[in-house]
């Protein structure tokens with residue numbers, strides 16, 4: 001190889017059996033534990049993300065069901081107040097941090113290179129590292145819960161309740177360090193997504209030809225890179241206050257409790273958009289396939305995705321309307337919280353117009369995608385209401401807010417994710433999910449969810465505060481809570497049906513073939529499941545719907561899917577320019593490596609040492625972290641990183 | 001490196017050379033950036049005016065004139081930036097609207113023609129964030145600044 005190997009003119013060829021075999025040898029991960037620990041294949045990492053996120057969803061769901069038994073009738077004594085505090089806090093932590101974003105990261109990890117026409121993510125080892133850190137941070141945070149020291153101050157963890165004076169156990173230490181730990185994963189993953197989209201798209205896939213799901217994850221990733229440092233800093237300052245007696249949040253010593261709320265919500269509200277925008281992208285890309293037509297209004301929908309996130313940076317104070325800030329200061333954020341309905345409405349009307357003007361094929365995936373529109377509108381309208389300062393003062397800390405956030409998080413995350421599983425499961429496994437069981441699955445979830453959470457608006461309007469472990473008889477909340485509890489069990493049964501369908505169909509589902517839905521995007525041009533190298537040749541794209549060009553007849557040009565860059569001198573993909581995707585270089589991609597796993601072990605030791613004040617372990621973990629990074633970054637000749645590589 | 005497959009005919013942005021990248025960048029991000037900056041500075045100034053130290057200023061519902069003037073000037077500046085970005089996007093749109101076949105309506109649906117796609121984004125973002133900034137400016141006159 002010469003240093004100019006990355007600038008050589010790649011060979012253009014049609015895919016052949018011989019080239020496929022050669023690429024398979026180059027890209028495949030060895031079987032067994034060695035491959036499990038060292039793989040950097042985005043598809044394997046994506047599936048692991050999804051499975052791990054669903055494991056956390058089940059844990060969070062069980063916690064929710066226990067709470068619903070406790071709240072099913074007044075004066076219930078199944079749980080103590082402390083147990084209830086830990087349950088609702090751990091439930092929030094689990095669903096928001098360990099399920100909602102990671103499950104979307106799983107889909108994006110699996111699908112991005114396939115959607116973009118690349119052979120892997122831009123930084124495959126960083127991708128593996130992001131996953132391992134996510135698992136380690138999840139175990140770390142749940143370890144506290146397992147020993148009775150889970151978070152107990154809500155997922156947003158307000159001071160002064162979280163300070164050592166009022167919360168002397170290890171609960172907050174697990175949560176604070178765990179959140180900093182998890183932030184490493186989120187930041188690494190976000191950086192990888194951003195570079196991937198701007199560097200590894202197939203030639204011709206200019207930014208105006210990106211699937212909306214790519215826009216959704218891209219904006220979410222950019223937001224995460226900007227806001228995760230705020231929450232990591234907040235938790236670090238809290239940990240310092242608790243461990244070393246600093247006074248960042250201690251008002252008696254000149255600290256500012258409101259500083260916590262600012263730092264948390266500067267992160268927290270964009271995070272909410274980060275866990276819905278990629279899911280909205282899934283709907284924008286999946287729904288039109290079942291309407292047999294392209295999405296109506298691609299240009300404004302793509303813009304509205306980005307605009308929602310920009311506006312999302314300016315709404316954090318609406319979580320703090322009841323803290324006594326000056327009126328005018330609140331009004332700016334109230335305005336932004338209401339204006340953000342505009343880009344959301346653009347997407348809603350685009351989806352409705354797509355259904356209206358299309359020829360809908362009512363599959364289970366379609367039902368999940370279409371129902372999301374209804375739930376989105378309900379959750380959006382209640383959010384719009386709380387964007388108004390006087391209304392928020394009435395509703396804050398009531399069950400109305402709990403109803404709102406569940407319509408947002410379940411309606412715009414879990415329902416699209418369920419639809420995405422029905423839509424992309426054939427690509428993941430080569431088999432179709434059972435449609436009949438799917439109908440039962442959908443209707444049970446949809447009816448159960450609405451029975452559980454629609455009456456909860458009324459519970460809040462009738463004054464029931466959130467986060468109380470029980471309530472007295474005769475308040476008028478009894479039957480509403482009972483209905484919610486019944487609905488939540490029905491909803492959980494619906495999710496169980498989804499899991500049963502996945503297990504059953506994985507084994508004996510109908511064979512799918514490459515493109516069972518006659519869909520239009522690149523992932524459907526490769527076999528199901530895709531080979532380790534994704535594309536036998538790098539495709540060249542001339543439209544947003546490379547597989548529908550014949551039907552749409554938007555122009556005479558046709559994408560080239562069977563003839564393209566072969567790139568078989570080791571693990572390689574093409575690097576393209578950020579706006580127009582003109583070809584630029586050949587990217588040498590790294591082999592499988594244990595370095596991401598080893599680095600995760602080292603970082604885990606560091607965090608355990610900090611948690612337990614085992615400073616020797618923290619020091620060992622710190623040195624091991626440096627060592628693992630050096631192993632990772634040690635220059636490799638095959639990647640053109642050594643001085644002699646250019647003369648070889 | 002140029003593509004051996006697609007060729008110039010199929011380039012997604014044949015009119016890209018008609019517009020400076022910096023102008024296109026300003027047209028797209030100018031209005032959102034102006035809105036976001038005015039929002040955050042508005043918030044800081046408005047809050048500081050009523051709550052300058054550890055305690056809120058009681059009996060001071062309207063705040064100080066100098067802060068009010070600063071807020072107004074800031075909002076006028078933000079409006080000017082947003083309007084300029086939107087108008088620039090309009091100008092770029094006129095230069096590049098023929099980049100791909102089909103009208104503005106067609107572009108809204110398909111997105112084809114990368115330069116004109118971004119020009120359309122700039123126009124829509126310019127209008128949207130200009131309106132959002134004007135609403136914030138109206139609040140300067142319609143909402144009591146401090147408490148009460």
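The values are calculated or read from the model by the stated rules, or taken from the named source; none is laboratory data. What you see is a predicted model; the values in this text were computed from it and never measured. Ideal geometry is used to build each Cβ from the backbone, glycine not excepted, and the neighbour counts take in all protein chains shown.
Numbers at a glance
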| read-out | value |
| --- | --- |
| From A:506, A:544, residue being in contact (Cβ under 8 Å) with a residue 40 or more places away in the chain, more than 14 Å from chain B (Cβ to nearest Cβ) and either part of a loop (DSSP other than H, G, I, E, B) or more than 26 Å from residue A:590 (Cβ to Cβ) (or both) | A:506 |
| Pair list, Cβ < 8 Å and 6+ apart or interchain, from the stretch A:151-165 residues that are at positive phi to residues that are in a loop (DSSP other than H, G, I, E, B) | A:154/A:467; A:157/A:151 |
| Residue B:132 vs. criteria at the interface with another protein chain (Cβ under 9 Å from one of its Cβ atoms), crowded, with 24+ Cβ neighbours inside 10 Å, touching a helix residue (DSSP H, G or I) at 6+ places or on another chain (Cβ under 7 Å) and part of a helix (DSSP H, G or I) | yes |
| Yes/no for residue B:70 being closer than 22 Å to residue B:33 by Cα and at pLDDT 95 or above | no |
| Meets criteria (buried (at least 22 other Cβ atoms within 10 Å of the Cβ), within 12 Å of chain A (Cβ to nearest Cβ), in a helix (DSSP H, G or I) and under 13 Å from the mean Cα position of the chain (by Cα)) for residue B:82 | no |
| Test: residue A:324 is in the same structural domain as residue A:231 (by TED's automatic domain parsing), surrounded by 19 or more Cβ atoms within 10 Å (Cβ to Cβ) and more than 14 Å from residue A:216 (Cα to Cα) | no |
| Residue count for the stretch A:266-290, restricted to those that are touching a residue at least 60 places away in the same chain (Cβ under 8 Å), away from chain B (no Cβ under 14 Å) and in a helix (DSSP H, G or I) | 15 |
| Any hit, the stretch A:7-25, residues being crowded, with 20+ Cβ neighbours inside 10 Å and within 30 Å of residue A:171 (Cα to Cα) | no |
| Single residue of the stretch B:135-145 satisfying the filter (touching a residue at least 60 places away in the same chain (Cβ under 8 Å) and surrounded by fewer than 22 Cβ atoms within 10 Å (Cβ to Cβ)) that is nearest to the other protein chains (Cβ to nearest Cβ) | B:144 |
| Residue, nearest to the other protein chains (Cβ to nearest Cβ), within the stretch A:336-349, restricted to residues that are more than 19 Å from residue A:282 (Cβ to Cβ) and buried (at least 24 other Cβ atoms within 10 Å of the Cβ) | A:336 |
| Any hit, the stretch A:209-219, residues being surrounded by fewer than 24 Cβ atoms within 10 Å (Cβ to Cβ) and either assigned by TED's automatic domain parsing to the domain that holds residue A:28 or closer than 23 Å to residue A:96 by Cα (or both) | yes |
| Unique match (being assigned to a helix (DSSP H, G or I), over 19 Å from residue B:128 (Cα atoms), within 12 Å of chain A (Cβ to nearest Cβ) and out of contact with any strand residue (DSSP E or B) (no Cβ under 8 Å at 6 or more places or on another chain)) among B:71, B:57, B:108, B:36 | B:71 |
| Test result for residue A:440, surrounded by fewer than 21 Cβ atoms within 10 Å (Cβ to Cβ) and over 30 Å from residue A:29 (Cα atoms) | yes |
| Single unsatisfied condition, residue A:232 versus (1) over 19 Å from residue A:265 (Cβ atoms); (2) touching a helix residue (DSSP H, G or I) at 6+ places or on another chain (Cβ under 8 Å) | (1) |
| Unique residue being assigned to a loop (DSSP other than H, G, I, E, B) and assigned by TED's automatic domain parsing to the domain that holds residue A:405 when the list is A:455, A:472 | A:472 |
| Qualifying residue in the stretch A:228-245 (condition: more than 14 Å from chain B (Cβ to nearest Cβ), free of Cβ contacts under 8 Å to residues at least 40 places away in the same chain and not in a helix (DSSP H, G or I)) | yes |
| Checklist (1) within 27 Å of the chain's Cα centre (by Cα); (2) over 18 Å from residue A:364 (Cβ atoms); (3) surrounded by fewer than 23 Cβ atoms within 10 Å (Cβ to Cβ) applied to residue A:513, failing item | (1) |
| Output for the stretch A:579-593, where each listed residue is in a strand (DSSP E or B) and within 11 Å of chain B (Cβ to nearest Cβ) | A:583, A:584, A:585, A:586 |
| Residue among B:94, B:90, B:116 that is in a helix (DSSP H, G or I), more than 8 Å from chain A (Cβ to nearest Cβ) and surrounded by 22 or more Cβ atoms within 10 Å (Cβ to Cβ) | B:116 |
| Members of the stretch A:547-578 that are crowded, with 21+ Cβ neighbours inside 10 Å, within 30 Å of the chain's Cα centre (by Cα) and part of a loop (DSSP other than H, G, I, E, B) | A:571 |
| Options A:204, A:255, A:268: the member that is surrounded by 24 or more Cβ atoms within 10 Å (Cβ to Cβ) and in contact with a helix residue (DSSP H, G or I) (Cβ under 8 Å, 6 or more places away or on another chain) | A:204 |
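For (1) modelled with pLDDT under 95; (2) surrounded by fewer than 22 Cβ atoms within 10 Å (Cβ to Cβ); (3) part of a helix (DSSP H, G or I), each residue gets a yes or a no:
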residue: A:92; (1), (2), (3): no, yes, yes
residue: A:96; (1), (2), (3): no, yes, yes
residue: A:105; (1), (2), (3): no, no, yes
residue: A:112; (1), (2), (3): no, no, yes
residue: A:119; (1), (2), (3): no, no, no
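Each row is one residue, and each column tells you yes or no for (1) in contact with a strand residue (DSSP E or B) (Cβ under 8 Å, 6 or more places away or on another chain); (2) over 15 Å from residue A:588 (Cα atoms); (3) at pLDDT 95 or above.
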residue	(1), (2), (3)
A:3	no, no, no
A:6	yes, no, no
A:13	yes, yes, no
A:27	no, no, yes
A:43	no, yes, yes
A:50	no, yes, yes
